[in-house]
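Right, one structure below, let's go through it.
Every number here is computed from the coordinates shown, using simple stated rules; none is lab data. Quick caveat, the model's predicted, so the values are computed rather than measured. In this analysis, Cβ positions are derived from the backbone assuming ideal geometry, glycine residues included, and neighbour counts consider all displayed protein chains.
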Amino acid sequence: MPHNHFTHALVRYPTPQMGAGLTTQSLGAPDFERALSQYNAYLEALRACGLAVQALDGDAAFPDGHFVEDTAVIYEHVTVITQPGAPERLGEIQSIGAALAQRQPVFISGDGRVDGGDVLFCADRVLIGLSERTNLVGAEQLRAALVQSNSSVVVDFVPVRGVLHLKTGITELAPGILLRSPFFETDYHFDFAETFLLPVHEAHGANVLPINDALLIMRGYPTVRAFAQQHYENVIELDMSEFAKMDGSLTCLSLRYNG
Ligand code: CIR
């Protein structure tokens, strides 16, 4: 099964409290009504890609709770519930664990910390970013779970500096083609793929989301759109401005998996 083939997505609605979430940006407070309409367009795009979308209600106690990607990692038959690196977000995992209970998840535990935004599935390997949110203990626990599911999987650790998560800094546009933010610094060499370095004003556009035969990209990044159109007939452009104010992008708003 190709690594970007999915049948299901788990999401959680944002709440009017979303502006109280964590952010490193100085872009002002998100407009909730606009965020909701951007979010609904995102869900529509997931459905247009053929995914059955399970949407959980938002929980005002967790203003970052709609960034569900950080709370779990789903790879082939293994589901790992994380321990997000930001203490404010630890409580988000309860409801995600319950929603994924039928997949018999395993859990990052003890001192381990992992944000799913640091986990990038590429065509021939899995990259786990070591960031301010994901530590070595967590990355090793996650690698062990992935290897237990598939003993031939290649898992590399990637030091992450200059951006919040690995996938803020780099994503795989198509097999063997990576898009990289100029702010992302690392000692890891992505020599297994061709890497396109985006201009500074398009840095945030590095987060793209391939699903089945389509590629989701964010609106406002013409270089990204041009690359995307070279490789996909079906490019879906989405306005994510209100989520970007809170360090969010495309991948963070859903957990994709095969049901
Ligand atoms: C946070 O700082 O945790 C949220 N405001 C943004 C999380 C974005 N997650 C992601 O890109 N995977």
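Taking the Cα centre of the chain as reference, the dipole from Cβ charges on Lys and Arg (+1) and Asp and Glu (-1) amounts to some 220 debye.
Across all directions of projection, what mean area in square nanometres is found for the Cα convex hull of region 1-154? Over every viewing direction, the Cα hull of region 1-154 projects on average to 9.4 nm².
A convex hull fitted around the alpha carbon atoms of region 108-259 yields 119 Å³ per residue. Backbone phi angles across region 26-33, fed through the Karplus curve with coefficients 6.51, -1.76 and 1.60 (θ = phi - 60°), yield HN-Hα couplings of 10, 9, x, 7, x, 8, 5, 4 Hz in residue order; Gly and Pro are listed as x. In terms of its Cα atoms, the chain spans 43, 41, 34 Å along the principal axes, sorted from long to short. Eigen-decomposition of the gyration tensor built on the alpha-carbon atoms of region 179-259 gives equivalent ellipsoid semi-axes of 19, 17, 15 angstrom, largest listed first.
In order along region 171-176, the phi-based Karplus estimate (6.51 cos²θ - 1.76 cosθ + 1.60, θ = phi - 60°) of 3J(HN,Hα) comes to 9, 9, 5, 8, x, x Hz; Gly and Pro are listed as x. Taking every DSSP helix (H) stretch of at least 4 residues in the chain, weighting each as -39,500 (n - 2.57) and dividing the sum by the residue count yields a mean residue ellipticity at 222 nm of -6000 deg cm²/dmol.
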